[in-house]
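Written below as C-alpha cells is the structure these notes are about.
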Amino acid sequence: MDRTLNNKAWFLVLPVFALVAISAIIPLMTVVNYSVQDTFGNNQFFWVGAEWFVDILHSERFLNALGRNLAFSFTILAIEIPLGIFIALSMPKKGLWVPVCLILMALPLLIPWNVVGTIWQVFGRADIGLLGHSLHALGIDYNYATNAVDAWITIIVMDVWHWTSLVVLLSYAGLVSIPEAYYQAARIDGASKWKVFRYIQLPKMNRVLLIAVLLRFMDSFMIYTEPFVLTGGGPGNSTTFLSIDLVKMAIGQFDLGPAAAMSLVYFLIILLVSWVFFTVMTSLDADAPEKGVQD
Amino acid sequence: MAKITLDKLAHSYLPRPKSDADFALKEIDHVWDDGGAYALLGPSGCGKTTLLNIISGLLVPSKGNILFGEQDVTHLQPEQRNIAQVFQFPVIYDTMTVAENLAFPLVNRRVPKDEISRRVSEMIEILDLGDKAHKKAKGLTADDKQKISLGRGLVRHDVNAILFDEPLTVIDPHMKWQLRTKLKELHRQFEHTMIYVTHDQTEALTFADKVVVMYEGEVVQIGTPEELFDEPAHTFVGYFIGSPGMNVIPADVNGRVAQIGNTKINLQKAYPSLSGNVELGIRPEFIKLTGDDAGLPVQVTSVEDIGRFKIARANINGVTLDTVLPEGGSVPAHPKAIIDPEKINIYKDSHLVKGEA
C-alpha cells in the first residue's frame with residue numbers, strides 16, 4: 001500500500017517534544033553535564049571525565065546508602081507482598097462488606113508521604129505519642145531518635161501501614177477476576193485449600209503481583225520523605241538512604257559533580273530493575289496460547 | 001457409576017417461594033439409567049444449569065432428594081459425590097504440564113504413585129495428547145484444554161457421573177465435531193453416566209441416548225431423538241427440535257375431525273371434544289405440496305433455499321405453514337397441500353393429547 005509521506009506532520013509532534021525536552025531531557029542533560037565536570041565556584045567548570053563515577057562507585061558512603069536502600073526495599077517487599085495477598089484472600093468477595101473493605105484499604109493510600117511521616121513521628125514519641133508512651137509504660141525502651149533499630153522498625157512499619165493496601169487492592173483485583181468454574185473444578189478434583197491457592201489463585205495473580213512488586217520496589221527504592229520527616233536520616237547515618245544522601249550532598253555540601261554522578265547511578269539502577277520486570281512481564285504474555293479463547 | 005434418581009426435585013432461588021413461577025426448576029421426578037448418555041436441552045434460562053448444579057452438588061435443592069445408586073447425596077458437597085464436570089470454559093491448572101493436570105485429582109486422593117503414572121499415561125493415549133504430555137497446559141488450544149478437563153474426570157475410574165456444561169461453546173466449529181465424536185467413543189468405552197447441558201439441538205441429538213427438553217423451569221419431555229421428533233410432548237419441543245420447527249396451528253378438534261378456519265382435516269385417532277387452547281401440530285417434513293386435485297388449496301408466499309432442501313411458506317386461509325420441498329422440487333402452479341394424517345399431533349394448552357385409535 002502506498003503511504004502518503006508528509007514531513008510537515010513532524011510539526012504536530014513538536015509541542016510534545018518541546019514539553020518533554022523542558023520537563024525531562026534538558027534537566028537530565030544538565031545532570032549529565034555536571035557529572036563530568038568540577039567547579040571551584042564563580043561558575044567556572046572544568047572537565048573531569050568519569051572521575052566522579054569512579055569515586056561514587058568506590059565510596060563507602062554511597063555503597064552503605066545503597067545497601068540500606070536494598071535492605072529496606074527487600075524487607076518491605078518480604079512483608080507487604082505476603083501480607084497483602086493474605087489480606088486480599090481474607091476479604092469478602094461479595095456483599096455489603098466489599099465496598100467497606102475497599103474504602104478502608106484505600107484510605108492509607110490517600111495520605112501524603114510527609115503527613116504519614118509526621119503522624120508516625122508524633123505517634124512514636126515517648127512523651128506525647130500513643131505508641132511511644134504505651135511502649136514505655138510496658139517497660140520497653142523505644143526511641144526512634146536515638147536507637148537505629150527502633151528507627152528502622154518505625155520506618156518499616158510506617159511503610160507497611162502506608163502501602164500494603166496497594167498490594168491488597170491489586171491482589172484483590174486479580175482474585176475476583178478468577179472465574180467461579182476454577183474453584184468448582186478444584187473442589188471436584190478434591191484439591192485442598194492450599195492447593196487451590198498454589199495452583200489456581202497464585203498463578204492467576206502472577207501478573208498483578210509482578211506489577212505490585214515493581215511499583216513497591218521502585219517506590220521504596222526512592223524513599224525520601226518518611227525518614228526525612230521522622231529522623232532526618234539518623235540516628236547517625238542509620239536511615240540515610242540514597243535519596244537523603246543525595247540531597248545532603250547536592251544541597252547541603254553543594255558537591256554538584258559527585259551528586260550528579262550519584263543521581264545518574266541511582267537512576268540507572270531503577271531503570272535496570274524496571275527493564276528486568278518489563279522483560280519478565282512480556283515473556284509471561286508470550287506464554288499465552290496463540291489461538292482459541294484464553295481461559 | 002450409578003443410576004441417578006431425581007426424587008421430586010424442585011429449586012427456587014428465593015428463600016420463600018410462593019407461586020409456581022418462583023421456581024427456577026419445577027418439580028421433576030425421574031430415574032436416569034446407569035451408563036446412559038443424557039442431554040439437557042433448552043434455551044437460556046430454562047433451568048438446565050440449575051438442574052446440573054443440583055446434580056453436581058453446587059446447589060442444594062429447595063425440595064426433594066437426589067440419589068446416586070441407593071445413596072442419598074442431596075446434602076453432600078461436590079467433592080464427596082465422586083462426580084466429574086467439564087465446564088463451559090476450559091479449566092486447567094496453568095502452571096502444570098498436561099500429565100500433571102491429569103494426575104492432579106489422583107494425587108489429591110492419595111492414589112499410589114505407580115497407579116497414578118499408569119492411569120495418566122493410559123489417559124494421555126486415549127485423549128491423543130501423547131506429543132503434548134510434558135508441555136505446560138497453558139499454551140494449548142481450547143479443544144486440547146477441554147480434553148484435559150474431561151481427562152481429569154475419566155482418570156478417576158469410579159466416578160458416578162460426568163457432567164458437561166455446554167463444553168463446546170469455545171471450540172472452533174471444525175473441532176466441535178471431532179470432540180463430540182471422541183465423547184461418544186469414550187462413553188461407549190467407559191460406560192459412565194454422562195449428562196450434557198446444551199442449547200444446541202444438534203449437539204444434544206447426536207450425543208445423547210435420551211434428551212431431556214426443558215422449558216421455563218419444567219422438564220417438558222424426556223425421550224430418544226426419534227420420540228422428540230415424532231411425538232413432541234409439548235409445542236415447545238415441536239418448535240425447538242427440528243429445522244424448521246413444527247407448524248403449530250390453532251384448531252377445533254372434535255372426534256376424528258380437526259377444523260382450521262373453514263378447512264376440515266381428517267384425523268387418524270379419535271379425540272374427546274377439547275376446549276381451551278387447542279392446537280394442531282404437524283412437521284413441515286410431513287406436508288407435501290402437489291399440483292393434483294387432492295389436498296388443501298394453498299398460496300405459496302415465499303421459498304427459502306437452505307441447501308439440502310427448500311422451505312416453502314404456504315398460506316391456508318390466513319394461517320402460515322412451513323412445508324419442505326424435496327431437493328430439485330419446485331412449487332406447482334396450483335399448489336395443494338397434503339398433510340400426512342398419521343403425523344398430526346393435537347395439543348391442548350401446549351401439552352400433547354393422546355388420541356384413541
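What the table below lists for this structure:
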read-out	value
Count of Lys pairs (Cα-Cα under 13 Å; at least 8 positions apart or interchain) in segment B:247-353	4
Helix-only [θ]222 nm of chain A, DSSP H runs n ≥ 4, -39500 (n - 2.57) each, per residue, nearest 500	-21500 deg cm²/dmol
Value of relative contact order over segment B:247-353, rounded to a whole percent, pairs C-alpha under 8 Å and six or more apart	30 percent
Extent along principal axes [Cα atoms of segment B:247-353; Å; largest to smallest]	41, 27, 23
In segment B:1-107, trypsin sites (Lys or Arg not before Pro) in a DSSP loop with at most 16 other beta-carbon atoms within 10 Å	B:Lys18
Relative contact order for segment A:61-286, counting Cα pairs under 8 Å that sit 6 or more residues apart, in percent	29 percent
Centre separation in Å (Cα based) which lies between segment B:319-346 and segment A:235-253	95 Å
Span-rule helices in chain B, defined as complete DSSP H runs reaching 15 Å or more along the axis (Cα) with Kyte mean at least -0.5	B:98-108
A:Val213, B:Val91 arranged by Cβ crowding within 10 Å, fewest neighbours leading	A:Val213, B:Val91
For chain B, share of DSSP beta bridges that run antiparallel, in % to the nearest 5	75 percent
Members of B:Lys8/B:Lys210; B:Lys8/B:Lys184; A:Lys94/A:Lys193; B:Lys113/B:Lys176 lying beyond 24 Å, as alpha-carbon distances in this model show	B:Lys8/B:Lys184; B:Lys113/B:Lys176
Computed over chain B: relative contact order in percent, which uses C-alpha pairs under 8 Å that are six or more apart	16 percent
Among B:Gly151, B:Ala208, B:Thr235 the positive-end extreme of the charge dipole of chain B (Cβ point charges)	B:Gly151
Neighbourhood net charge (14 Å Cβ-Cβ; Lys/Arg +1, Asp/Glu -1) for B:Gly242	-4
Rounded, prolate or oblate (a/c below 1.5 giving rounded, otherwise prolate when a/b exceeds b/c) for segment A:125-188 by Cα gyration tensor	prolate
Debye, to nearest 20: dipole size of segment B:117-257, +1 on Lys, Arg Cβ, -1 on Asp, Glu Cβ	900 debye
Exposure proxy order (Cβ contacts within 10 Å, fewest to most) of A:Trp113, A:Trp52	A:Trp113, A:Trp52
Residue order, fewest to most surrounding Cβ atoms within 10 angstrom, among A:Trp120, A:Trp152, A:Trp97	A:Trp97, A:Trp152, A:Trp120
Gyration tensor verdict on segment A:61-286 (Cα atoms; rounded if a/c is under 1.5, prolate if a/b is larger than b/c, oblate otherwise)	oblate
Qualifying GluC sites (Glu not before Pro) for segment B:295-357 [loop in DSSP, other Cβ within 10 Å: at most 12]	B:Glu327
Segment A:1-62: trypsin sites (Lys or Arg not before Pro) falling in loop per DSSP and having at most 10 other Cβ within 10 Å	A:Arg3, A:Lys8
Cα gyration tensor, the protein assembly as shown - rounded (a/c under 1.5), prolate or oblate	prolate
DSSP-defined antiparallel bridges as percent of all bridges, the protein assembly as shown, nearest 5	75 percent
Under Karplus coefficients 6.51, -1.76 and 1.60, residue-wise ³J(HN,Hα) of segment A:15-30 in Hz, glycine/proline x	x, 5, 4, 4, 4, 5, 4, 5, 7, 10, 5, 5, x, 5, 5, 4
Value of [θ]222 nm, deg cm²/dmol, for chain B, DSSP H segments ≥ 4, -39500 (n - 2.57) each, nearest 500	-7000 deg cm²/dmol
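None of the figures in this text is laboratory data; all of them are computed from the coordinates on show. Just so it is clear, the structure is predicted and the values come from calculations on it, not from any experiment. With ideal geometry, Cβ positions are generated from the backbone for all residues, glycine too; neighbour counts draw on all protein chains shown.
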